[in-house]
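Following: one structure in structure tokens, then a few remarks.
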Amino acid sequence: MTISFCGLELAHPVVNGSGTFDALAARRVFGDALDAGFPFSAFVSKTITAAPRDGNPPPRLWETAAGMVNSIGLPNKGLDNYLAHDLPELARLPVPIVTNVMGNTGEEVHDLVAAVSARDEVAAIELNVSCPNVKTGLDIGAVPDVLRAFMAQVRPATAKPLIVKLTPNTADVPACAAAAEDGGADAVSLINTLRAMPLAPRDGHAPLGAPPRPWLGGGTGGQSGPAVRTIALAQVGAVCARVAIPVIGMGGIQTAVHARQFLDAGATLVAVGTESFRDPAVGARIAADLGWNPANSGNIAG
């Protein structure tokens with residue numbers, strides 16, 4: 001039993017959220033057992049940018065009552081190092097590779113997509129459109145007309161499936177999904193993290209009325225985890241009702257019951273993110289509890 005997604009045949013409907021499962025680190029820990037017990041039916045890479053990025057200054061994480069806020073800042077080795085070093089290692093995984101890319105302009109992302117698409121190891125490409133747009137000051141994916149124009153620049157760069165990861169930080173997410181579809185997207189994924197700002201504990205000696213101080217080194221970050229699940233379900237359901245292309249639903253999924261809710265809302269696949277930090281094998285357990293019996297559903301955490 002397999003599931004078809006954008007021309008890919010996947011062993012089950014559970015993938016990882018970009019940046020939430022480090023397959024290279026997992027191989028160092030679990031060795032060859034990773035191949036037999038890989039928890040996802042496809043692997044989505046962390047975001048790759050043209051030039052290397054160090055990420056945001058620490059602190060980078062804040063634990064909330066039902067999740068976490070991260071301000072990691074997309075650290076990565078850059079395109080050239082990814083293609084030369086990381087991608088050949090990722091290609092050893094027993095599942096298709098989806099490479100996530102981000103840039104500041106349509107031209108930059110076009111070149112990233114073209115370079116990644118040229119590699120046989122890459123089965124599909126996910127576009128992170130949550131980067132700021134210079135002209136509007138908003139995320140590229142937050143304004144339908146801007147996103148539609150962006151897709152017109154990027155779509156010609158590849159014949160491989162293009163997945164657009166939508167931002168939830170906008171007024172009309174379904175309109176943005178429709179714009180991505182109009183621009184040639186083969187699928188959309190949502191939700192990305194919600195913008196959040198934890199504050200540092202107040203200094204007892206600070207005068208009354210002193211301005212609050214953000215805890216995170218980057219000021220703000222992205223909220224994920226169980227606290228966002230019902231928000232994610234609302235957005236996924238609205239997007240599924242608006243577009244005809246497949247949808248990957250994510251946001252606070254911890255169990256098969258949660259995954260089934262997203263599938264019932266119309267998603268074709270679900271992605272697990274924050275919960276993998278606690279249980280790296282949770283993807284396989286969710287797939288098994290949904291009734292799938294993939295060959296790679298072993299427990300790498302056992």
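Can you confirm whether A267 is crowded, with 24+ Cβ neighbours inside 10 Å, outside any strand (DSSP E or B) and either modelled with pLDDT under 95 or not polar (S, T, N, Q) (or both)? Yes: the conditions hold for A267. Can you tell me which residue in segment 25-58 is surrounded by the fewest Cβ atoms within 10 Å (Cβ to Cβ), limited to those that are touching a strand residue (DSSP E or B) at 6+ places or on another chain (Cβ under 8 Å) and of a type in the set (A, V, I, L, M)? Out of the qualifying residues, it is A42. Scanning segment 198-215 for residues that are in a strand (DSSP E or B) and either aliphatic (A, V, I, L, M) or closer than 24 Å to L233 by Cβ (or both) yields a count of 1. Is it fair to say A124 is outside any loop (DSSP other than H, G, I, E, B) and within 15 Å of V154 (Cβ to Cβ)? Against the criterion (outside any loop (DSSP other than H, G, I, E, B) and within 15 Å of V154 (Cβ to Cβ)), A124 qualifies. Any idea which residue in segment 83-136 is surrounded by the fewest Cβ atoms within 10 Å (Cβ to Cβ), counting only those that are hydroxyl-bearing (S, T, Y), over 16 Å from the mean Cα position of the chain (by Cα) and modelled with pLDDT under 95? Ranking the qualifying residues of segment 83-136, first place goes to T136. Is it fair to say S276 is crowded, with 24+ Cβ neighbours inside 10 Å, in contact with a strand residue (DSSP E or B) (Cβ under 8 Å, 6 or more places away or on another chain) and of a type outside the set (A, V, I, L, M)? No: the conditions fail for S276. In this structure, R195 does not qualify as surrounded by fewer than 24 Cβ atoms within 10 Å (Cβ to Cβ), among the basic types (K, R) and in a loop (DSSP other than H, G, I, E, B). When you check E126 against the structure, is it touching a residue at least 40 places away in the same chain (Cβ under 8 Å) and touching a strand residue (DSSP E or B) at 6+ places or on another chain (Cβ under 6 Å), yes or no? Yes: the conditions hold for E126. Do we have I72 as over 18 Å from F277 (Cβ atoms) and of a type in the set (V, I, T) here? Answer is no for this residue.
Being within 16 Å of the chain's Cα centre (by Cα), under 28 Å from N169 (Cβ atoms) and crowded, with 21+ Cβ neighbours inside 10 Å is not true of V239. Only residues that are of a type in the set (A, V, I, L, M, F, W, C) and not in a helix (DSSP H, G or I) were counted across segment 139-164, and they come to 5. Here G221 clears all of (1) at pLDDT 95 or above; (2) farther than 23 Å from F5 by Cβ; (3) crowded, with 22+ Cβ neighbours inside 10 Å; (4) in contact with a Pro (Cβ under 9 Å, 6 or more places away or on another chain) except the condition numbered (1). Only a single criterion out of (1) part of a loop (DSSP other than H, G, I, E, B); (2) within 27 Å of G31 (Cα to Cα); (3) touching a helix residue (DSSP H, G or I) at 6+ places or on another chain (Cβ under 6 Å); (4) not hydroxyl-bearing (S, T, Y) is not satisfied by K46, namely (3). Whenever a residue of segment 7-28 is of a type in the set (D, E), its partners that are modelled with pLDDT of 95 or more, lying with C-beta atoms within less than 8 angstrom and at least six residues away or across chains, give the pairs E9/I3; D22/K46.
Within segment 68-104, the set of residues being in a strand (DSSP E or B) and under 15 Å from T47 (Cα atoms) comprises N70, N76, I97, V98, T99, N100, V101.
Among the residues of segment 224-257, those identified as free of Cβ contacts under 8 Å to residues at least 60 places away in the same chain and farther than 23 Å from S4 by Cβ are R229, T230, L233, A234, Q254, T255, V257. Residues that are crowded, with 18+ Cβ neighbours inside 10 Å and assigned to a loop (DSSP other than H, G, I, E, B) within segment 5-24 comprise C6, A11, H12, P13, G17, S18, G19, T20, F21, listed in sequence order.
With respect to (1) in contact with a Leu (Cβ under 6 Å, 6 or more places away or on another chain); (2) in contact (Cβ under 8 Å) with a residue 60 or more places away in the chain; (3) of a type outside the set (A, V, I, L, M), the lone exception for G103 is condition (2).
The values are calculated or read from the model by the stated rules, or taken from the named source; none is laboratory data. Quantities reported herein were computed from a predicted structural model and do not represent experimental measurements. Ideal geometry is used to build each Cβ from the backbone, glycine not excepted, and the neighbour counts take in all protein chains shown.
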